Amino acid sequence: MILRKFTLLVSLIALFSASAFAQRDTVDLNTLLAKTVKFAGDYPIEKVYVHFDKRFYAAGDTAWFKAYVTMENHRPTNISTIVYLDIANNRDSIVQILKMPVTNGVASGSLIFLPSQYAQGNYHIRAYTAWMRNFEPDYFFNKNIAIGNAIDNDVKTNVSFKSSPTADGKLKVDAAITYNEAGIVQANKKVNWIVGLNGSEIAKGKGTTDANGILNVSFTGVANANLKNALLTTQMDMGERRTVTNNIAIKPAIGSKDVQFFPEGGELINGVRSRVAFKAIDINGLGIEAKGSVVDNAGTEVITFSSKHLGMGVFAMVPEEGKSYKANITFADGSKATYPLPRSMPGGINMTIYNAPADSNITLKISTNQNYFQANQNKHFYVIGQIGGAIFFAAKTTLQSQVYNASIPKRKFPTGLVQFTLLSAFGSPVSERLIFINHKDNLKLNIATDKKIYTTRQNVRLSVLAKNKLLPVQGNFSVSVIDEGKVPYDENNETTILSNLLLTSDLKGYIEKPNYYFLAKNATAEEDLDLLLLTQGYRRISYSNIINNRLPKLFLMPELNGIEIAGILRNNTGLPIAKGNLRLAIPGKQSVETITDMTGNFKLSNLNFKDSSQLTLSARNNPNNRNLMINVNPETVQSPSANAYAPDEITNIDSTFKPYLNNSKVRYDALHILKEVVIKSTVIKRAPHLDYPMLSTLPPLADQTIGAERIGSCPSLLTCLPAIALGITFDNNLLYLTRYYNTPNKAPVQIYVDGLAVDANYLNGVRGDNVENIEVFYKDGVSGINNMFGTMGIISITMKKIKKEKISFAQLQEMIPPPSILNFMPFGYAPVREFYSPKYIVPKTNGTTDLRTTIYWNPKVITDKTTGTSTFDFYNADSRGTYRVTIEGLDTDGNLGRSVIRYTVK
């Protein structure tokens, strides 16, 4: 199905000479191009970038964001009207999903980090459209954020790990944990600790902090256990009947140093000089310095090398027939290791590209060895260069010598990531290379303040001027102003609209410090970017699949018409009802009506309602309506995925964000958030599940018990439960005990609400403030429940009791509606909130201190079409120091822009 067609610029040029890249007989090339153009039109590439107001948060904070949804050449999308944003914890369990309407390619929203949902830790954010879900999730928007807790975590921790493998295949982990409270080290404190993995105990022990407040913990993980999701929990005895609990992720201790090698073009070929890029990483997946030498199987040194940037480097060599190669590596800390190089091929053809920053052309070289040349002489080959599915260069050659050199003008391509592919006459890729073309032609955004220096609570007027090639443009932008003293930035490691849409959105895996390549405007940064691309693979466009008509399988069509509710109307015998009348009632809005088609199907489009809204779909306006049944098509949720950006996770949140968390605690203390710290006595209560016959034979004590105070603010139990309960995984609308999730015979957990069995979707309509207690059982005791239902584990939910009252027959009918009336709670749009910016018209007259860290957020800055300008104002907070202004966005032609300025508050 053709969704739309791209406008493609195809350059059919001679690369070097008539004998090298001939322009005659291009039927095969034209066939390849035609199929590629059709593929691009049928399967357009969408991207999502999300601009957040700041880089980290505290429990109770509100995050403000704006999503930019683009297509070809970064123009605003015209096929998706909904964007999704989900948040997963560091165990890769979904905590929350937001759904937002897209208008003119943008959507804005907010996210409240409720303490009941968000424990201190690292979280993974993904953003995508329904159309993007048809393809690999590697190309979703990905970002890590850290959330601290300044309210509950009085005692802060700082941990360092060391790990080493044991002889029997286990992993020995040593942790040194430093404790402090209000800046005072907690010396000579007794601590109990336990290491848990998916509800199972791995190790436990006790100890006492030394004079510097340090506790040393050592344990050995079980064989084959994936400690990535393990948690180290410590309980410190503070005296006076006070105990403090801290949870520490083990993930930073897992992993080992590694070096990978990437021959340019894809393979090493005997007798052909090849450049080989390499990348050295530490246990956290971050680049580290390394040097070494390549030796052959006879022990002869071939070449020495050293890393140049973030553990990456490159060297050149000519592999010889009959030889194998390995690299002896020395890391910066003095440790050594040996790694094999990829095996060289006896015959082959390779493409290399030189992209010197100062040159206006790129140099392309195609090389073969004698074996391959003799077998393929006079055969056709093709070279194609494309960006985001749009072809900007294509040519054909006949293999008449072992080495070709060609020069291609960079002006043939727009700014962006270019995939060059060398293909055989059959359309099979034989060599591939990525390069980045940078014309430095992004939108020029000039931000001007009305003063050089401001005072606290003073009004600030900012003006923005947007230009493209010296001409004013109308653009759609978002602006964030933050107190940089409390929210410091590592600018090289930022995710920006430039680094994302121009680079990382087209690459798989983790990219370290992506903004460095756009922030540092010099030749060194461009050379480092080319080095990065030598270590990356690109498979968005597979020419083999296109030629052989192996097309992607679509299970979701683009959401062209906003929220849709579809289903079928049947009678009580199961037959569909044609031309049936249906009415949808949405709270606070006018009802919507529709008529079923000849097969009984119906669809209601362009609906607008908030998430957790209860809708009523009625078929009562039909003959014999009490014999009718309404079935609504179920909604699907994107499955969680492993966080490729885990190297960005912060191990020591307390110390890394100390100024921010201290400020957050002062803010919340000012709001009189009190905690009860002394309990005089407790009453042992009967376990709630024992009140229900079906559950009475479960163990008397649950493996986990969650009280009402932890879930009261939860809007939907289905989304909150994986975050609140340890070892719960949400996948494809089912809940699993994580300990069983990765087993071959995994099965979902059995759920009970007040003793009645329900499915996971039922929890979507259960609010936390109606829940009294949740009990999680890893085993079903002697109840036989898991054998009966084919499940693993049990969750028992007890609802708050409602006072019993007599009800009328009419009320009873309302509680049990006929099948022709369906009450349900579909997935609606996230609530819309406006950023509050106080106005200080009069001098400060009370004792309240304005400690905001996000001073201003505006996702709706539109520059004037004629002048390219926009003006807005806001008031400073009470903190002195440096305030940072960031503006990002794009125009209707897909030109991207970003600018950062700072001003001083005294």
Dipole of the chain, positive direction: furthest Cα of Asn134, Thr867, Val217, with charges on the beta-carbon | Thr867
Protection proxy (average C-beta count within 10 Å per residue), highest first, orders 724-732, 754-762, 655-663 as 724-732, 655-663, 754-762
Distance violations [Cα-Cα > 30 Å] among Lys279/Lys665; Lys172/Lys291; Lys513/Lys658; Lys162/Lys279; Lys54/Lys251 = Lys279/Lys665
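Using the structure shown, select from Lys66/Lys589; Lys486/Lys906; Lys99/Lys553; Lys469/Lys865; Lys610/Lys801; Lys323/Lys365 the pairs with a Cα to Cα distance greater than 22 angstrom. If you can, show how the numbers build up before the last one.
On the way: Lys66/Lys589 26 Å; Lys486/Lys906 15 Å; Lys99/Lys553 24 Å; Lys469/Lys865 15 Å; Lys610/Lys801 27 Å; Lys323/Lys365 25 Å.
Long pairs (Cα-Cα over 22 Å): Lys66/Lys589; Lys99/Lys553; Lys610/Lys801; Lys323/Lys365.
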Dipole-positive endmost among Leu417, Ile194, Ile303 within the chain (Cβ charges, Cα centre) | Leu417
Return, ordered by residue number, the residues of segment 98-133 whose backbone nitrogen is under 16 Å from a label point located 7 Å along Cα→Cβ of Thr636.
-> 128-133
Return the distance in nm (one decimal) between the two label points of a simple spin-label model at Ala34 and Thr220, each offset 7 Å from Cα along Cα→Cβ.
-> 6.8 nm
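So, with +1 on the Cβ of K and R and -1 on the Cβ of D and E, and no other charges, what is the size of the charge dipole of the chain about its Cα centre, to the nearest 20 debye? Display every interim value, and only then the final one.
Working: 96 positive and 76 negative charges, 233 e Å.
Roughly 1120 debye for the chain.
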Output ordering of 164-172, 358-366, 525-533 (per-residue mean of other Cβ within 10 Å, highest first) is 525-533, 358-366, 164-172
So for the pair Ser306, Arg273, with labels modelled 7 Å out along Cα→Cβ, what separation do we get in nm?
-> 2.3 nm
Hypothetical label at Glu320: residues of segment 295-313 whose amide nitrogen lies under 19 Å (7 Å Cα-Cβ projection) | 295-305
Those residues of segment 157-195 whose amide nitrogen sits under 15 Å from the label point placed on Ala211, 7 Å along Cα→Cβ | 185-189
On the formula 1/(1 + (r/R0)^6), with r taken between the Cβ atoms of Ser164 and Val185 and R0 of 30 Å, the FRET efficiency rounded to 0.05 is 0.60
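Given charges of +1 on the Cβ of Lys and Arg and -1 on the Cβ of Asp and Glu, with all other atoms neutral, how large is the dipole of segment 687-799 about its Cα centre, in debye to the nearest 20? Show your work: numbers first, answer last.
On the way: 5 positive and 10 negative charges, 64 e Å.
That gives a dipole near 300 debye.
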At a Förster radius of 30 Å, what calculated FRET efficiency corresponds to the Cβ-Cβ distance of Tyr489 and Asp152, to the nearest 0.05?
-> 0.65
With each run of n ≥ 4 DSSP H residues scored as -39500 (n - 2.57), what mean residue ellipticity at 222 nm is computed for the chain after dividing by its residue count and rounding to the nearest 500 deg cm²/dmol?
-> -2500 deg cm²/dmol
So for R0 = 51 Å, FRET eff. of Thr849-Thr892 from the Cβ-Cβ r, to 0.05, ends up at 0.75
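Relative contact order (percent) for the chain, with alpha-carbon contacts under 8 angstrom and 6 or more residues of separation? Kindly include the intermediate steps, with their values, before the conclusion.
Numbers: 2076 pairs, mean separation 141.1, N = 906.
Across the chain, relative contact order equals 16 percent.
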Report the Stokes-Einstein translational diffusion coefficient (µm² s⁻¹, integer) for segment 687-799, Rh taken as the Kirkwood radius over Cα pairs, at 25 °C with viscosity 0.890 mPa s.
-> 177 µm²/s
So Lys553 and Arg75, fully extended at 0.36 nm per residue minus their Cα-Cα distance, gain in nm 169.5 nm
To the nearest 20 debye, what is the magnitude of the charge dipole of segment 47-148 about its Cα centre, counting +1 on the Cβ of each Lys and Arg and -1 on the Cβ of each Asp and Glu?
-> 120 debye
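Below 8 Å between Cα atoms, with a sequence gap of 6+, how large is the relative contact order for segment 47-148 in percent? If you can, show how the numbers build up before the last one.
Values: 223 pairs, mean separation 35.2, N = 102.
Once normalised by length, the contact order is 35 percent.
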Residue farthest toward the positive end of the dipole of segment 687-799, with Cβ of Lys/Arg at +1 and Asp/Glu at -1: which of Thr738, Val766, Phe789?
-> Thr738
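Just so you know, all these numbers are worked out from the coordinates, no wet-lab data involved. All values reported here derive from a predicted model rather than from experimental measurement. All Cβ positions, even for glycine, are placed from backbone atoms using ideal geometry, and neighbour counts span all protein chains on display.
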